[in-house]
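Heads up: the structure comes next, in structure tokens.
Where a number appears in this text, it was derived from the coordinates with a stated rule and is not lab data. Everything numeric here is computed off the predicted structure, so don't read it as measured data. Glycine also receives a Cβ, built like all others from the backbone with ideal geometry; neighbour counts cover every protein chain displayed.
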Amino acid sequence: MTVILQLMLNGLLVGGVYGLIAMGFVVVYRSGRVFNMAYGQFAMLGAFMFWTFTGSPDDPRLPLPLAISLTLLTAIVFGLLVERVIFRRMIGKPEFTSFIMTLGLLAVLNSAVMIIWGPSTLALAKTVPTGPVNFAGITLSQEYIWTFLIALIIMGIFVLFFRRTRMGLAIRAAQSNQTASRCLGVSANLNSQIAWVLCTLLATLGGILIASVQGASTLLSELVMVVLIVVLIGGMDSFAGCVIGGLILAIGENMANYYLGPTVPGIGSIFGIFMILVILLFRPHGIMGANPVERV
């Protein structure tokens, strides 16, 4: 029982961060039906920008609050730039066109990061407390506990924004019915801008949280594959599904690696694909995804 609790709690801490990151992907998909394959590069770019401001353990630079503020400000500018230069032109175009544009953006961002920061993993100056925490025979890492708690706070702010603010309600209305929302005065351009800003902010925050534990690395670009698994399990258009999908993926990977890893090497890396096949077989739109109703 102790081993099961250990695996579940570790999965809970990681899955919460997965859920937070996946929300940024869902925001843009719900807003403009953009399948953003460059989302992992957004997180990677945010992590390297954070390293630029905060420095390394041997060479710290700006204080942590200032470094985070500047990184988020850079993410906002980047999100506005991407929306205005690229995806504003994609409004009303076929979804496949936007998909191809995200692939091009992926290649550009990969090249830019390699040119500016190089391929090496860069350790960040201390951002969260480190060391193990022991209780009831279970050992957890303080880094993962803090990143999970921060992810919970950010998700709470995110939910309050969409449920309690006028702007958030307008975005939800536009996501539900763009034609009706435009008749009520909701700007499609403003909705697109806010969606891309939220996307870059959530990707950047996710990149910062992961880099705080693992360092800023080009491997963060592969985060898009984790996000795709999470949203396909939970539902492409559901924020709650992001959380559920993240927990299922992280806890399931831990269980599979521990119990089946010795006999089936690499089972954890394909667990997410297996879950997609099983869940989509019975729930084609994901666990929390809405089944679209088309009227003719």
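Here are a few things to note about the model shown:
- For the stretch 10-17, putting each phi into the Karplus relation 6.51 cos²θ - 1.76 cosθ + 1.60 with θ = phi - 60° gives couplings of 4, x, 4, 5, 6, x, x, 5 Hz, in residue order, rounded to whole numbers and with x for Gly and Pro.
- Contact order, relative form, for the stretch 2-282: 39 percent (alpha carbon pairs under 8 Å, 6 or more residues apart, mean separation divided by residue count).
- Under Karplus coefficients 6.51, -1.76 and 1.60, residue-wise ³J(HN,Hα) of the stretch 135-151 in Hz, glycine/proline x: 7, 6, x, 10, 10, 10, 8, 4, 4, 6, 5, 5, 5, 5, 5, 5, 4
- Alpha carbon centroid spacing (whole Å) that separates the stretch 221-296 from the stretch 109-153: 23
- Using 0.36 nm per residue and subtracting the Cα-Cα separation, the extra length available between SER187 and ARG89 on full extension is 33.8 nm.
- Across the chain, the volume of the C-alpha convex hull divided among the residues equals 152 Å³ per residue.
- Added length on full extension, which subtracts the Cα-Cα distance from 0.36 nm per residue, ARG172 to LEU160: 3.1 nm
- Fluctuation leader among VAL264, VAL159, VAL28 - the chain, Gaussian network, Cα springs under 10 angstrom: VAL264
- Relative packing of 3-9, 36-42, 55-61, which averages over residues the other C-beta atoms within 10 Å, highest first: 36-42, 3-9, 55-61
- Rounded to whole numbers, the Karplus 3J(HN,Hα) couplings from phi for the stretch 200-209 are 5, 5, 5, 5, 5, 4, x, x, 5, 4 Hz, using 6.51 cos²θ - 1.76 cosθ + 1.60 with θ = phi - 60°, and x at Gly and Pro.
- Once the Cβ-Cβ distance of SER269 and MET114 is raised to the sixth power relative to R0 = 25 Å, the FRET efficiency obtained is 0.50.
- Order by protection proxy (mean Cβ within 10 Å, highest first), peptides 97-106, 203-212: 203-212, 97-106
- Packing here is the average count of other Cβ atoms within 10 Å per residue, and on that basis the peptides 43-49, 74-80, highest first, run 43-49, 74-80.
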